[in-house]
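Enquirer: Got a structure for you, written out below as structure tokens; questions coming shortly.
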Amino acid sequence: MKVVTNNIRFATIIGLFISFSLMEINHLSAQTVWLDQLDLSAATQGYGVPKKNKSVDGKVMTIKGKTFERGFGTHAESSLLILLDGKATSFTAQVGIDDEIAGHEPASEFVIYGDGKKLWSSGIMRLGDAAIPCSVPLVGIKKLELVVTDGGNGNYYDHADWADAKFETTGVDTFITYNPVASEPYILTPPPPAWPRINGASVFGARPGSPFQFLVPVTGDRPITFSATGLPPGLKIDSKTGIITGKLSKTGTFVVALTAKNAKGKAEKKLRIVCGDRIALTPPMGWNSWNCFAQEVSADKVKRAADAMVKSGLINHGWTYINIDDFWENNRDSKDQSLRGEFRDEAGNIIPNSRFVDMKSLANYVHDLGLKIGLYSSPGPWTCGGCVGSYGHEKQDAESYAKWGFDYLKYDWCSYGNVIDGLPNNDPYKVSSLSYNGGSELNTAIKPFKVMGEYLRQQPRDIIFSVCQYGMSDVWKWGDSVNGNCWRTTNDITDTWTSVKNIALDQDKSAPYAKPGNWNDPDMLVVGTVGWGNSHPSKLKPDEQYLHISLWSLFSAPLLIGCDMEKLDDFTLNLLTNDEVIAVNQDPLGKQASCMHTIGDLRIYVKELEDGSRAIGFCNFGLEIVNLAYKDFEKIGLNGMYQVRDLWRQKDIENIDTKTGQLALKIPAHGVLLYKFTSVK
Ligand code: GLA
């Protein structure tokens, strides 16, 4: 009996041992890890916050009527990085656009990258497409990135679901999600000295007969006394404010010697005033209401932005335009009564909405501060936000803008897709959302801008013409012919890394077309407190913001601050007041940088400057720090001895012989080194 009992005990022990071991083997072999079990907060996305088991709007995930209990609800542009360390064998999911945005026209592409290589993509998906199954082998992959792009039509309503998403693993029960880009803000721009320094553009274009206004931007302790010698007849400078006003009657180039004096010292600088046909000889710099206020803009907010431009000191660095975007007009279907009212008077003149009762006095207010003011419209019957556009009233509108005293017009394609010549029964006033496809016919694409461009030129004011049609029909090739001063080359920017990166990588094709008076516009800046009516600090990390401002400067892009000017923090202010960086943007030669050398994720952008030097951006688009001894100088057009200056730090680094020397580069993930190379004998 005893033996039997002992045998039973032995068998039980062996049995337990075997089952424990099997559990252990099971544990170490296949195990499923659901995507929703990971920390999704590391994801970056264009709108909202990453949602676990819900759509981005917090509803049950639904793709073409099919519901899903588990997954990751996000919004383009979206990126989630996962450290797999070779411990996943596969990833499966059902991807698609969530039904919650019925009535809109979203488009997105789901893309999976493994160790930097594209492993899978869904192709462009639209609302109503059935979920696409994805199944990706991952053996050996260390780092995985789940990306949702905007599908090429901007990221409007791109509510994207990674549904039923899970990993098969080699026996781990979770993975770490991460974002390797540092988040602590750090200040690089040294404070300006107490003595005067004259900043901003050194060339300014005006047309004969137009009211002239140019503020000499100067940093340094106040009071400052301004003077100018060599001013052409018709112009005078206000010695207290430094604002040059008047009217030029003769064309020609006039070199003016500017002086600014205060208790600590004196500064001098030459300003070239070119009176002729062309304006915007350097890229426009200023602020625009859209990226912060969107449909909430009002005259009061515009005035406060202008006041903040002065109070913050930004005005002393060349920031000039205060631009009102959409929603100063009356709206077609808003429930907000302040946006409802007659679109036009009996004679057809546009009537601003009740938030903008007196456009002329608003313009005067902004001009009195030494700033300029801009406005927005569409060649179609409706703007993108459903306010009334200029269709059929272009001449009257141009006249109204001039009469009110406006200096800038952003003219946005929007519903013009409904106004296609030769399409019978096409009702231009029919309500539709953005239409991008109408611009494929070149004449159709050009016509509405030509019409407004000509009417603006007929006005007795210099009005910068900003063409906005998201880069259709190679606008950079014909924008000048319609009197355009700048033209958007992209869809709308958002404050996400993917948005800024994709826009940046797309700029080389239009680069050769930039010149004084004609600028490629990769859209407005997304630094500071932004949010299109839902204000939040820019989601771009500090290094991404340095890269953004460096690239937009190298690109000779219009610099339009898109943030709430009353909420400027030290970091943002510092980012926007580096005069050496701004000087790259405002360089009178007017060339646009392009990428001349690529090493992995490092792209080197070179911009020729008027004095023969070069601004060079070493831009790290990757997730690893770049540590490199750079010596391929001939690839970036350098040959000889150069003095190298770090523009963000405003510090000379070293002199380098490009034949024998090496430049030590250490560039953070998504970061930049912006250097100036000046030839030395
Ligand atoms: C479009 C433009 C934006 C903004 C909005 C206003 O989306 O691209 O920059 O002007 O319209 O509705």
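The values are calculated or read from the model by the stated rules, or taken from the named source; none is laboratory data. Treat the numbers as computed from the prediction; the structure is a model and nothing was measured. So basically every Cβ, Gly included, is an ideal-geometry build from the backbone, and we count neighbours across all protein chains shown. Quick note on the areas: whole protein, heavy atoms, side chains included, nothing else; ligands and nucleic acids left out. Shrake-Rupley method; radii C 1.70, N 1.55, O 1.52, S 1.80 Å.
Enquirer: Hey, can you tell me all the residues within region 333-349 that are of a type outside the set (S, T, N, Q), assigned to a loop (DSSP other than H, G, I, E, B) and modelled with pLDDT of 95 or more?
Expert: Those that are of a type outside the set (S, T, N, Q), assigned to a loop (DSSP other than H, G, I, E, B) and modelled with pLDDT of 95 or more: LYS335, ASP336, ARG340, GLY341, GLU342, PHE343, ASP345, GLU346, ALA347, GLY348.
Enquirer: Moving on to the next point. Of all residues in region 455-474, how many are in a strand (DSSP E or B) and either out of contact with any Phe, Trp or Tyr (no Cβ under 9 Å at 6 or more places or on another chain) or under 21 Å from GLY417 (Cβ atoms) (or both)? Before the answer, list the steps.
Expert: Taking region 455-474 and keeping what is in a strand (DSSP E or B), we get 464-468.
Okay, now just the ones that are also either out of contact with any Phe, Trp or Tyr (no Cβ under 9 Å at 6 or more places or on another chain) or under 21 Å from GLY417 (Cβ atoms) (or both), so 465-468.
Residues in region 455-474 being in a strand (DSSP E or B) and either out of contact with any Phe, Trp or Tyr (no Cβ under 9 Å at 6 or more places or on another chain) or under 21 Å from GLY417 (Cβ atoms) (or both): 4 in total.
Enquirer: When you check PHE214 against the structure, is it surrounded by 15 or more Cβ atoms within 10 Å (Cβ to Cβ) and within 15 Å of HIS317 (Cα to Cα), yes or no?
Expert: Answer is yes for this residue.
Enquirer: Then there's this: What are the pairs, 6+ residues apart or on separate chains, where a residue within region 363-380 that is open to solvent by 10 Å² or more (accessible area, probe 1.4 Å) has its Cβ under 8 Å from a residue that is among the acidic types (Asp, Glu)?
Expert: LEU369/ASP307; LYS372/ASP407
Table: residues versus (1) surrounded by fewer than 17 Cβ atoms within 10 Å (Cβ to Cβ); (2) at pLDDT 95 or above; (3) under 24 Å from GLU610 (Cβ atoms).
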| site | (1), (2), (3) |
| --- | --- |
| PHE633 | no, yes, yes |
| TYR642 | no, yes, yes |
| TRP648 | no, yes, yes |
| THR658 | no, yes, yes |
| LYS666 | yes, yes, no |
| GLY671 | no, yes, no |
| PHE677 | no, yes, yes |
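Quick grid of which residues meet (1) more than 22 Å from VAL644 (Cβ to Cβ); (2) assigned to a strand (DSSP E or B); (3) outside the structural domain of GLY528 (by TED's automatic domain parsing):
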{"site": "THR572", "(1), (2), (3)": "yes, no, yes"}
{"site": "THR577", "(1), (2), (3)": "yes, no, yes"}
{"site": "VAL581", "(1), (2), (3)": "no, no, yes"}
{"site": "VAL584", "(1), (2), (3)": "no, no, yes"}
{"site": "LEU589", "(1), (2), (3)": "no, no, yes"}
{"site": "ILE604", "(1), (2), (3)": "no, yes, yes"}
{"site": "LYS607", "(1), (2), (3)": "no, yes, yes"}
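Enquirer: Name every residue in region 18-65 that is modelled with pLDDT under 95, of a type in the set (A, V, I, L, M) and more than 19 Å from ASP158 (Cβ to Cβ), in order of residue number.
Expert: Scanning region 18-65 gives ILE18, LEU22, MET23, ILE25, LEU28, ALA30, ALA42.
Enquirer: Right, something else. Answer with yes or no whether GLU184 is within 25 Å of the chain's Cα centre (by Cα), charged (D, E, K, R), more than 16 Å from the ligand (Cβ to nearest atom) and more than 26 Å from THR67 (Cα to Cα).
Expert: For GLU184, the condition - within 25 Å of the chain's Cα centre (by Cα), charged (D, E, K, R), more than 16 Å from the ligand (Cβ to nearest atom) and more than 26 Å from THR67 (Cα to Cα) - is met.
Enquirer: Would you mind telling me which numbered condition in (1) under 18 Å from ASP173 (Cα atoms); (2) open to solvent by 40 Å² or more (accessible area, probe 1.4 Å) GLY71 fails?
Expert: (2)
Enquirer: Continuing with this model, one more query. Could you run through region 415-430 and say how many residues are in a loop (DSSP other than H, G, I, E, B) and either modelled with pLDDT of 65 or more or within 16 Å of GLY386 (Cβ to Cβ) (or both)?
Expert: Within region 415-430, residues that are in a loop (DSSP other than H, G, I, E, B) and either modelled with pLDDT of 65 or more or within 16 Å of GLY386 (Cβ to Cβ) (or both) number 6.
Enquirer: Which number in (1) surrounded by 15 or more Cβ atoms within 10 Å (Cβ to Cβ); (2) closer than 21 Å to GLY533 by Cβ marks the one condition that ALA43 misses?
Expert: Just one mismatch for ALA43, condition (2).
Enquirer: Right, something else. Under the condition of being at pLDDT below 95 and more than 12 Å from the ligand (Cβ to nearest atom), which residue from region 519-536 is least open to solvent (accessible area, probe 1.4 Å)?
Expert: As a first pass, look at region 519-536 and keep what is at pLDDT below 95: 531-536.
Remaining after also requiring more than 12 Å from the ligand (Cβ to nearest atom): 531, 534-536.
Working: GLY531: 5, ASN534: 101, SER535: 70, HIS536: 48 Å².
Selected residue: GLY531.
Enquirer: Just give me the residues in region 148-168 being more than 16 Å from the ligand (Cβ to nearest atom) and surrounded by fewer than 21 Cβ atoms within 10 Å (Cβ to Cβ), in sequence order. Can you show your working first?
Expert: First pass over region 148-168, keeping only residues more than 16 Å from the ligand (Cβ to nearest atom): 148-149, 159-168.
Of everything in region 148-168, those that are more than 16 Å from the ligand (Cβ to nearest atom) and surrounded by fewer than 21 Cβ atoms within 10 Å (Cβ to Cβ) turn out to be ASP164, LYS166, GLU168.
Enquirer: Scanning for something buried (at least 18 other Cβ atoms within 10 Å of the Cβ) and modelled with pLDDT under 95, does region 406-413 turn up at least one residue?
Expert: Yes - at least one qualifying residue is present in region 406-413.
Enquirer: With (1) at pLDDT 95 or above; (2) surrounded by fewer than 20 Cβ atoms within 10 Å (Cβ to Cβ); (3) touching a strand residue (DSSP E or B) at 6+ places or on another chain (Cβ under 9 Å) as the list, and GLY622 as the residue in question, which single condition is left unmet?
Expert: (1)
Enquirer: Can you find a residue in region 373-386 that is away from the ligand (no atom under 16 Å from the Cβ) and either outside the structural domain of LYS450 (by TED's automatic domain parsing) or among the polar types (S, T, N, Q) (or both)?
Expert: So far as region 373-386 goes, no, none of its residues is away from the ligand (no atom under 16 Å from the Cβ) and either outside the structural domain of LYS450 (by TED's automatic domain parsing) or among the polar types (S, T, N, Q) (or both).
Enquirer: Pick from LYS477, LYS509, LYS501: which is away from the ligand (no atom under 16 Å from the Cβ), modelled with pLDDT under 95 and assigned to a helix (DSSP H, G or I)? I'd like the intermediate steps shown before the answer.
Expert: Numbers: LYS477 fails: modelled with pLDDT under 95; LYS509 fails: modelled with pLDDT under 95.
The conditions single out LYS501.
Enquirer: So which residues in region 90-109 are over 18 Å from VAL60 (Cα atoms) and part of a strand (DSSP E or B), if there are any at all?
Expert: Correct list: SER90, PHE91, THR92, ALA107, SER108, GLU109.
Enquirer: Identify, please: which residue in region 283-322 is within 19 Å of the chain's Cα centre (by Cα), among the hydroxyl-bearing types (Ser, Thr, Tyr) and open to solvent by 10 Å² or more (accessible area, probe 1.4 Å) and is, among those, farthest from LEU231 (Cα to Cα)?
Expert: Looking at residues that are within 19 Å of the chain's Cα centre (by Cα), among the hydroxyl-bearing types (Ser, Thr, Tyr) and open to solvent by 10 Å² or more (accessible area, probe 1.4 Å), I get TYR321.
Enquirer: Here is a follow-up. Do we have any residue at all in region 480-492 that's within 16 Å of the ligand (Cβ to nearest atom), crowded, with 22+ Cβ neighbours inside 10 Å, charged (D, E, K, R) and at pLDDT 95 or above?
Expert: The answer is yes, given that some residue of region 480-492 is within 16 Å of the ligand (Cβ to nearest atom), crowded, with 22+ Cβ neighbours inside 10 Å, charged (D, E, K, R) and at pLDDT 95 or above.
Enquirer: Moving on to the next point. Return only the number of the condition from (1) of a type outside the set (A, V, I, L, M, F, W, C); (2) open to solvent by less than 10 Å² (accessible area, probe 1.4 Å); (3) within 15 Å of LEU674 (Cβ to Cβ) that THR572 does not satisfy.
Expert: (3)
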